[in-house]
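Step one of this worksheet: look at the structure below.
The values are calculated or read from the model by the stated rules, or taken from the named source; none is laboratory data. Computed from a predicted model, the values in this text were never measured in an experiment. Here the Cβ positions follow ideal geometry from the backbone for every residue, glycine too, while neighbour counts run over all protein chains shown. Please note that ligands, DNA and RNA were not included when accessible areas were found on the heavy atoms of the full protein model with its side chains. Shrake-Rupley method; radii C 1.70, N 1.55, O 1.52, S 1.80 Å.
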Amino acid sequence: MPPGHPSLPGHFPGQPLVPGVVLLDETIALILDRLQGMAVAGIVASKFTAVVLPGQVIEVASGPVAGDRLDFLCTVAGAPVARGTLRVIPVAADP
């Protein structure tokens, strides 16, 4: 997350951290880039296990789609910071 992201100044003044919703949004976007023809239909579960600070590099790993579920794990320097399960569905191709 770049230190200049617009969500950081108010979250929290003097001690900025990356909001969970921003981390989740970026994670979903990255996963969808990898999963052509799929869309996220919902978040089954998510857990934030550590604070993410501005400028930290976040790595996102995701397992294979199992039915309509996809597990993901976000890490910073090898340490878990977030994990969860998404519900994914195929996107119909335009006619």
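One residue is enough: does the range 21-33 have a residue meeting the conditions more than 27 Å from V91 (Cα to Cα) and either crowded, with 17+ Cβ neighbours inside 10 Å or at pLDDT 90 or above (or both)? Please lay out each step first, then the result.
Just the residues of the range 21-33 that are more than 27 Å from V91 (Cα to Cα), to begin with: none.
No, the conditions are met nowhere in the range 21-33.
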Task: Output for the range 78-91, where each listed residue is loosely packed, with under 15 Cβ neighbours inside 10 Å, out of contact with any Asp or Glu (no Cβ under 8 Å at 6 or more places or on another chain) and touching a residue at least 12 places away in the same chain (Cβ under 8 Å) - done: A79, P80, P90, V91
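Taking the stated definitions as given, is A61 touching a residue at least 60 places away in the same chain (Cβ under 8 Å), at negative phi, under 12 Å from the mean Cα position of the chain (by Cα) and open to solvent by less than 90 Å² (accessible area, probe 1.4 Å)? It would help to see each step written out before you state the result.
Numbers: touching a residue at least 60 places away in the same chain (Cβ under 8 Å): no; at negative phi: yes; under 12 Å from the mean Cα position of the chain (by Cα): yes; open to solvent by less than 90 Å² (accessible area, probe 1.4 Å): yes.
In short, no.
With the range 9-95 as the region, which strands (runs of 3 or more DSSP E) entirely inside it contain at least 1 residues that are aromatic (F, W, Y)?
Numbers: elements: 38-48, 58-62, 69-76, 79-90.
It comes to 38-48, 69-76.
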